[in-house]
Structure formats: structure tokens, C-alpha cells
Amino acid sequence: QNWADPEEGELAELPTVSGVCEDYMDMVSKHAMPNQKGLPIHPKLAASINYMATNQLQEQAINATADKYMAPENCNSLNVPAVNNPIWGNMTPSSRGQEIKLQKILKLLTAGITAVARTAVGVEMPEELQDALALLCNTQYEINNFRKSIIKPALNPKFAGLCKPGKTQPPSLLFGEDLPKQVKDLDEEAKALGLIKVPGYTKPHYPHRQHPYTSTGQSYHNRSAGGE
């Protein structure tokens, strides 16, 4: 084995291989990437997961599976919030296409969360199940925030605050039921800060208006005209 040019990942395995480069074990252990693997699961289950996670599955079968797991009537958060109509109308075809794809992903995710939740018996559940629900639900929250970031370029800059990640995500509409109030508040804030930008506005030119001075004391106006 030529250790001067190891294959990718080989250095990470060296600390656990008995009798290999023992003189340099401490040095290798210090700099090698840690092995971020957990305990093994059943080989057949592992093979199934590896296949499903890396291969495109039949869309019809996946959709049929997702349809089996409708959100519980007392879990309205397991829903795909729609984009508010006023915002949808201003989105580009490209951003709409991305949004539709993300909605499809969210539909599968919420069905998966429902399926996992239904395996619980009452309120008693093992720690692994609790962790699974926490990770999946947080993924749903993060995807909804990502949807807003995709939509943000379609908005007037002064309303970009609508796309900030919120502490909570409204279940029915992506930007909440109170969108008009949010827009009004942001508009008032923009006015207060003097940040309004009128589309197509061109700053008037005043030839005789005093210009800022350079560090030499000569105005930009005079310098561009060759003045002293």
C-alpha cells in the first residue's frame, strides 16, 4: 500500500485498523476525519433504505402511499400552506415552478410525519420516535422558510420583511391570514425610514447645484470640466 497517496477516506480508517502504521497512529488519529456512523441496522432493512434513498421511485405508487396518510383532524399544522394570491400573481414562471416542486415535497413529508405519528401508542413513544418526529417537523418548518426565500426576489424590496423566518408558520397560507396588515405595517415602516423607492424614478440633474468636494478641495463638477 502506498500511503503517500491514499484513496479518499482511507486516512479516516487508519486509527481503527490494528497493526497499520502503528508508529504514526497518534498523528493519524489527531487529523483523521471522525467516523460519523451509528450502530448498524438489519442488513435487509439497510439495503432497502439505501435503494429507496438513491433511486427514483414510481410516482404513482408514492402518491398513493402518501394519500393513505391524511393529516389528523386535530393536526392542522401537517398541511402545505398555499401562497397568498396577491403574491402568487406577482411571481415569475420560474419561481412558480420551484414553488410547485416544493409543495409536492412538502405533501410527501407531511404524509411521512403522519405515518410516523400513527405508530405511537397514546402518548408513550420511544426516544427514537420522538427524535424522528422532531427532525421531520423541523424539516417541514425549514422548507416553508426556504419557499419564502425563493419568492423574495418577486417582491418589492420594501416588503422583503415578509420573507423573514418567523417563529411560527401559519398552517393555511404561507404568509399568514393577515397579509394586508403586514404589508401596511411594512409600508409605514418604509415611509418612516425614508426608504421608499419609486419604480422608474430618475434623480433630476441640477447643473448649477453645489457638488461634493474631493480630498483636494476640487469639486467633481469642476474637475470633469477641466476646472481648477
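The values are calculated or read from the model by the stated rules, or taken from the named source; none is laboratory data. The shown structure was predicted, so the numbers you read here are calculated from the model rather than taken from an experiment. Positions of Cβ are generated from backbone atoms using ideal geometry, with glycine treated the same way; all protein chains shown enter the neighbour counts. Only protein heavy atoms, including side chains, enter the accessible area calculation; ligands, DNA and RNA are left aside. Shrake-Rupley method; radii C 1.70, N 1.55, O 1.52, S 1.80 Å.
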Next item on the list: Scan (1) open to solvent by 80 Å² or more (accessible area, probe 1.4 Å); (2) acidic (Asp, Glu); (3) more than 30 Å from residue 183 (Cα to Cα) for the single condition residue 142 breaks and write down its number.
Entry: (3)
Item checked: Residue satisfying all of: in the range 81-96; surrounded by 11 or more Cβ atoms within 10 Å (Cβ to Cβ) and without any contact (Cβ under 8 Å) to a residue 60 or more places away in the chain; nearest to residue 173 (Cα to Cα) among these -> 88
Notebook entry, point to check: So which residues in the range 120-143 are touching a helix residue (DSSP H, G or I) at 6+ places or on another chain (Cβ under 9 Å) and not in a loop (DSSP other than H, G, I, E, B)?
Noted result: 129, 132, 133, 136, 137, 139, 140, 143
Margin query: Kindly evaluate residue 41 against the criterion of being open to solvent by 70 Å² or more (accessible area, probe 1.4 Å), modelled with pLDDT of 95 or more and hydrophobic (A, V, I, L, M, F, W, C).
Written below: no
Next item on the list: Exactly one condition in (1) in contact (Cβ under 8 Å) with a residue 60 or more places away in the chain; (2) part of a loop (DSSP other than H, G, I, E, B); (3) more than 16 Å from residue 140 (Cβ to Cβ) is not met by residue 36; state its number.
Entry: (1)
Check: On the given criteria, is residue 64 farther than 30 Å from residue 193 by Cα, open to solvent by 60 Å² or more (accessible area, probe 1.4 Å) and in a helix (DSSP H, G or I)?
Finding: no
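Rundown of residues vs (1) within 18 Å of residue 88 (Cα to Cα); (2) at pLDDT 90 or above; (3) part of a loop (DSSP other than H, G, I, E, B), yes/no style:
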position: 159; (1), (2), (3): yes, no, no
position: 166; (1), (2), (3): no, no, yes
position: 171; (1), (2), (3): yes, no, yes
position: 185; (1), (2), (3): no, no, no
position: 191; (1), (2), (3): no, no, no
position: 205; (1), (2), (3): no, no, yes
position: 223; (1), (2), (3): no, no, no
position: 227; (1), (2), (3): no, no, yes
